[in-house]
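Each value in this text was obtained by applying a stated rule to the coordinates, not by laboratory testing. From a predicted model like this one, the values you see are computed outputs, not experimental measurements. Methodologically, a virtual Cβ is constructed for each residue, glycine included, from the backbone with ideal geometry; neighbour enumeration extends over all protein chains shown.
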Amino acid sequence: MFLLGNGAGFSGDRVDAPIPVLRTLIARGLPAAMFFETLGERTVALAHLEKRRDPELGYEPMLERLLAPILAPAQAHRIPLLGNWGAANPPAAARAVARLALAQGLPGLRIGLVEGDDVTPLVAGGQLPVHEADAGLDMGAWSLIAANAYIGAEPLVEALARGAEVVVAGRTSDPALAIAPLAHHFGWRFDDWQALALGAAAGHLLECGSQVSGGVFWDPGVKDIPDPADIGFPIAEVTAEGGLVITKAENTGGLVDLRTVKEQLLYELHDPAHYVTPDVVLDITRCTLAQEGPDRVAVRGLVGHPRPETLKVTASFEGSWLGEGEVSVAGPNALARARATADVLLERLRRRGLAVRARVDLIGVASVHDSDAGALWRGYEGPEPPDIRIRLAVESARRDDADQAAREVLALLCCGTAGTGGARWRVTPRILTRSHLVLRERVPTRVTVREAREFAA
Amino acid sequence: MSEVEVPLHRLAHSRAGDKGNRLNLSLIPYDPALYPLLAEQVTEARVLALFRHRGATRCTRYDLPLLSAFNFVVDEVLEGGVNGSLNLDGHGKTHSFRLLSLTVRVPRALLPRD
């Protein structure tokens, strides 16, 4: 049996989560690995902008904080750590791991660096077809920041085979981070679709960290979980015979049951017969689940189909600005004051001729479920909320227009309805992404494995 | 047999996910005995109507009877998606609870006890 633990489900996850996972893996004494998924579509674009400002940045900002408490015990117990912490700058991330290792007295730590996912020149040269889902996107005046291909598990397996104890990658697919240590341990071939389906399912269930063990699941009084302040991150038990059991770190909160596993199995899934990864197409239409004990769910009936010939590419673009402003009203007649404030804000934008697309939310009445036109708060007929926050959001190709629109919210501190307060406003650059497809042979990857003392040099 | 109208939140749970301008919503009854009732009443058209005010164009329901679960995929619902949207929740993660506010008619005998 092989144990696969997850230490992070996104950039911004709880930084102390990996510790009990590693402790559990060590206590069980079986062959094991841990993986960290910290890269979203937007995260990689933001990382490219960071790298432009400083060539030694553009990797996961929490990398050192995540690894510091676990690096030495993981090495001592031969538990490799894999992550897409590299983001836009895998070499800089590898150097950061090397510096951390040297500081901890681990100069011999073997670090594997996986590169090659950056395909910016192919997109810049207009050589890649746009993914059908984004065919209608008009990028107009937007400028390309970067483009990265979702690479599969094979280069990660190569790094492990060459003795890497920490594997630093950029835009790998999320499931590849789970498939790689399993394929390395069990010697899976990359055309063994059944085995790869098992790995892809383990990766899909674990890649969002606590989401399979109680995170974004708990609904107080309806779906309660033990100690939501300390949700245990997940561990998969995988056997050579194709067994897969989802469990979690010992002595932690959260839970793993049929409900948590079903929610995560269907998360971000479209056609359940075709969950596409770079390594295999997973089919869960014949999948069954069984609770095999406390916090233990067995997953059976997974089916794998041959992998696609193409890899998905996410290209990110910049070229417009987001302006946001908020003020609050509360107490008697709050609803009428909030509605009037919203209408006056939109009227101000119109009279000043600001070139913006705008939306107003009445937070406390309707916001996240509403449309840009405010259909829900305009049609609201329920009781008056005691406290409402009015939010204006605008988009503009001109920074100054976005800024001036957001400042109209600030002006309400003197010009607004009676009892208006608590203004905040800001302008931030917007990033838009578009998906492309690339033939996999056009994305050659490179693997470098060196000791920490060499990487840090 | 007497029936009552209740929000799905009494009977089922859900999680939302996104990819671009497309949203997926799982719907999972706590009691698998309710699966046929949900299959009959929680139709693609009713779920699409929940998101029509945001310009949603299509809803597809995938049935997973072995898991006692449904997967709804709603197109063009995120008004630009995580990157292009002006909405605070550009991912649409809160929409699982909009689905759970939809009501269904249930025989009293199948209602969970409080």
Please identify every one of the GluC sites (Glu not before Pro) in the range A:212-295 that sits in a loop by DSSP and has no more than 10 other beta carbons within 10 Å of its own beta carbon. A:241
What fraction of the DSSP beta bridges in chain A is antiparallel, stated in percent and rounded to the nearest 5? 80
Which whole number gives the average count of other chain Cβ atoms within 10 Å of the Cβ atoms across peptide A:362-371? 4
Take the Cβ-Cβ distance between residue A:286 and residue A:454 as r, set R0 to 56 Å, and report the resulting FRET efficiency rounded to the nearest 0.05. 0.70
Of A:163, A:145, A:198, farthest towards positive along the dipole that unit charges on Lys, Arg, Asp, Glu beta carbons give the range A:91-198: A:163
Taking just the C-alpha trace of the range A:315-435, give me its Rg and Dmax in Å. 14.7, 49
Can you list the HN-Hα couplings for the range B:15-26, worked out from phi with the Karplus curve (6.51, -1.76, 1.60; θ = phi - 60°), rounded to whole Hz and with x for Gly and Pro? 9, 9, x, 9, 8, x, 9, 10, 10, 10, 10, 7
Just from the alpha-carbon atoms, what are the Rg and Dmax of the protein assembly as shown in angstroms? 24.6, 78
If the cut-off is 24 Å between C-alpha atoms, which lysines fall inside it for residue A:312, apart from same-chain ones fewer than 8 positions away? A:51, B:19, B:93
Enumerate the amide H contacts of residue A:295 below 5 Å, restricted to partners 5 or more residues apart or on another chain; note that Pro and chain-start residues carry no placed amide H. A:256
Here Rg/Rh (Cα, Kirkwood) for the range B:1-100 equals 0.99
When A:445, A:314 are ordered from fewest to most other Cβ atoms inside 10 Å of their Cβ, what list results? A:445, A:314
For A:251-261, mean number of other protein chain Cβ atoms within 10 Å: 1
For the range A:253-331 versus the range A:193-240, the gap between their alpha-carbon centres in whole angstrom: 11
Virtual spin-label span in nm between residue B:58 and residue A:352, 7 Å along Cα→Cβ: 4.1
Cross-link candidates for residue A:248: which lysines have Cα within less than 21 Å, leaving aside residues fewer than 8 places away along the same chain? A:223, A:262
Can you put A:144, A:160, B:100 in order of Cβ neighbours within 10 angstrom, beginning with the fewest? A:144, B:100, A:160
Please list, in chain and number order, the residues 5+ apart from residue A:172 or on another chain whose amide H is under 5 Å from its amide H, with Hs placed from the backbone. A:151
Averaged over B:6-13, number of beta-carbon atoms from partner chains that fall within 10 Å: 1
